[in-house]
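Values in this text are rule-based calculations from the coordinates and carry no lab data. The structure presented is a predicted model; accordingly, all values stated were derived computationally and were not measured. Note: ideal-geometry Cβ built from the backbone for every residue, glycine included; neighbour counts use all protein chains shown.
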Amino acid sequence: MSISREDIEKVAVLARIRVDEAQISALESDLGNILNLVDELSAADTANIEPLSHPLDAVQRLRTDEVTETNQREAFQAIAPATEDGLYLVPRVIE
């Protein structure tokens, strides 16, 4: 698959970026190489390949799920402009 000069100019207009004439030929070559690589990767047979979630057999170490902070809701709500039944009251923004 190749990309044309017109495609690059059109994308530059849509993206609202300025591309100089010298950059267009370099972009045409670079983007063409990228698209060729994508075509090569698409041609690979992956029918019997199981997807990986991680390339290594690493296991994430998890910490124990413990409460380490004290409940300070009353202290925080004491300085809030408006609260009711343990909830913060805020102005309505959606009607």
- [ ] Any residue in the range 68-95 that's in contact (Cβ under 8 Å) with a residue 40 or more places away in the chain: show its pairings with residues that are assigned to a loop (DSSP other than H, G, I, E, B) at Cβ separation under 8 Å, as long as the two are six or more apart or on different chains.
- [x] none
Open item on the list: I need the full set of residues from the range 47-95 which are surrounded by 10 or more Cβ atoms within 10 Å (Cβ to Cβ) and hydroxyl-bearing (Ser, Thr, Tyr), in order please.
Closed with: Thr83, Tyr88
Task: Inter-residue pairs, beta-carbon under 8 Å, first without any contact (Cβ under 8 Å) to a residue 60 or more places away in the chain and in the range 34-55, second of a type outside the set (D, E, K, R) and part of a loop (DSSP other than H, G, I, E, B), 6+ apart - done: Leu35/Met1; Leu35/Ser2; Leu35/Ile3; Asn36/Met1; Val38/Met1; Asp39/Met1
- [ ] Find all pairs meeting these conditions: Cβ atoms under 9 angstrom apart; at least six residues apart or on different chains; first residue within the range 1-27 and in contact (Cβ under 8 Å) with a residue 60 or more places away in the chain; second residue surrounded by 12 or more Cβ atoms within 10 Å (Cβ to Cβ) and of a type outside the set (D, E, K, R).
- [x] none
- [ ] Considering each of Ser53, Ser2, Ser29 in turn, give the residue that is under 25 Å from the mean Cα position of the chain (by Cα) and not in a strand (DSSP E or B).
- [x] Ser53
